[in-house]
Amino acid sequence: MTQLQRITVRTSKQYDILMKKGLLADAAEHISAVLPPEGRRCCVVCDETVCALYGQKQQPLMQGLVSAGYSVFEYIFKPGEDSKTIASAEDLCRFLSQNRFSRHDFIIALGGGVCGDLAGFAASIYMRGIPFVQIPTTLLAMADSSVGGKTGVNTEAGKNMIGTFWQPELVLMDPDVLDTLEERHLLNGLAEIIKAGFIGDGSIFDAIGDNLCDAILKAIHVKRKIIEEDEREAGERRLLNLGHTIGHAIEKCSSYTVPHGYAVMTGMYLTSLAADDLGWSEKPVSGLIKTVMDAFAYPVYLDYSAKELSAAAACDKKRDAETIIITYPDKPGHCTMKSLPISELEDFISNGLAKAAEH
């Protein structure tokens, strides 16, 4: 991908998503266009793994920021979901305060979904909000979590239970960084691209095999269209939660040892099995989802009981009083939502687990 690709997101804050191979070396130039460097401090937030790859002082991103005239600071944390806590966010805010960051300054989230969520959340609460830029370095973050303005940290009650909607100033994507990812991390992100295909664009499945960058852009377009209509998840944005009600429950039950994308794939499959069996679907989709899972060797997680999963899911953010919104595919390339009483959630999940065991 030699040509710069641009997608403009028009929410409460308009911003661009830029994609081009080698873009990391030119990041400072694009950031300067929206956040001029005069008198500005920037804090690059990344985990130890990403820091070693892209966050060293002699590497292009950091050199570019310094050359552009920014006062550059770096906050480094340990990789993994265990770092996505309110204590980590508080520590990052403390670091910003100790280094005299003001509302004029900004954060760069350099990393995957954990980094984007943590850095974005800190940006949204420090001094009641400072700008931030997303530079995703994983497929999952590129295709999904860096776009849309959701930030958050985990609690014992569940994933992302404390969070905000805080849109970035800019999202910069360099596909070259995907070359450093292990296959399991690619599959983790691919799940969100597959999800977008089932929600609103079946052509994504062909793009996955032909050109991964095109598949990422198509998935972003699916999400962009939805979040522009419903930025704060009052309605249609809940379509993006396909597979996430059960998926988040699997993550929580596994103490976050099951990767997000893998859990979402099982969540999509169990949800579609139950929906098909209950006659909700216009055309059964569960078989197609299983075909896709088999093609990429995704496991189906049946280690947890319906009781365990429903208890975890009952704390989910998609719950409304005594009901929970279930997003399911009712035909290929299209999803719908149904309000399910919490009292029926365990039976719904049990149905999906039973059908999966039959296969």
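Somewhere in region 47-56, is a residue crowded, with 19+ Cβ neighbours inside 10 Å, over 21 Å from the mean Cα position of the chain (by Cα), within 21 Å of Met127 (Cβ to Cβ) and not acidic (Asp, Glu)? No, region 47-56 has no match at all.
Note on region 277-297: residues that are in a loop (DSSP other than H, G, I, E, B), touching a residue at least 24 places away in the same chain (Cβ under 8 Å) and within 19 Å of Gly200 (Cα to Cα) amount to 5.
For every residue, the table says whether it meets (1) polar (S, T, N, Q); (2) assigned to a loop (DSSP other than H, G, I, E, B); (3) modelled with pLDDT under 95; (4) farther than 23 Å from Asp330 by Cβ.
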residue: Tyr256; (1), (2), (3), (4): no, yes, yes, yes
residue: Gly261; (1), (2), (3), (4): no, no, no, no
residue: Thr266; (1), (2), (3), (4): yes, no, no, no
residue: Ala275; (1), (2), (3), (4): no, no, no, no
residue: Pro299; (1), (2), (3), (4): no, yes, no, yes
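Checking the structure you have, find out if any residue of region 219-229 is out of contact with any Gly (no Cβ under 8 Å at 6 or more places or on another chain), at pLDDT 95 or above, under 17 Å from Glu192 (Cβ atoms) and crowded, with 24+ Cβ neighbours inside 10 Å. Yes, region 219-229 contains a residue that is out of contact with any Gly (no Cβ under 8 Å at 6 or more places or on another chain), at pLDDT 95 or above, under 17 Å from Glu192 (Cβ atoms) and crowded, with 24+ Cβ neighbours inside 10 Å.
Select from region 245-265 the residues that are within 14 Å of Ala191 (Cα to Cα), in contact (Cβ under 8 Å) with a residue 60 or more places away in the chain and buried (at least 24 other Cβ atoms within 10 Å of the Cβ) and list them in ascending order. Correct list: His248, His260, Gly261, Val264, Met265. List the pairs whose first member sits in region 66-84 and is of a type in the set (Val, Ile, Thr), whose second member is buried (at least 17 other Cβ atoms within 10 Å of the Cβ) and not in a strand (DSSP E or B), and whose Cβ atoms are under 9 Å apart, counting only residues at least 6 apart or on separate chains? Close Cβ pairs (under 9 Å, with a partner that is buried (at least 17 other Cβ atoms within 10 Å of the Cβ) and not in a strand (DSSP E or B)) amount to Val66/Ala28; Val72/Met62; Val72/Leu65; Ile76/Val50; Ile76/Cys51; Ile76/Gly55.
The number of residues in region 181-204 being among the polar types (S, T, N, Q) and surrounded by fewer than 20 Cβ atoms within 10 Å (Cβ to Cβ) comes to 1.
The values are calculated or read from the model by the stated rules, or taken from the named source; none is laboratory data. Nothing here was measured: the structure is a model prediction, and the numbers come from that model. Cβ atoms come from the backbone with ideal geometry, glycine included; neighbour counts cover every protein chain shown.
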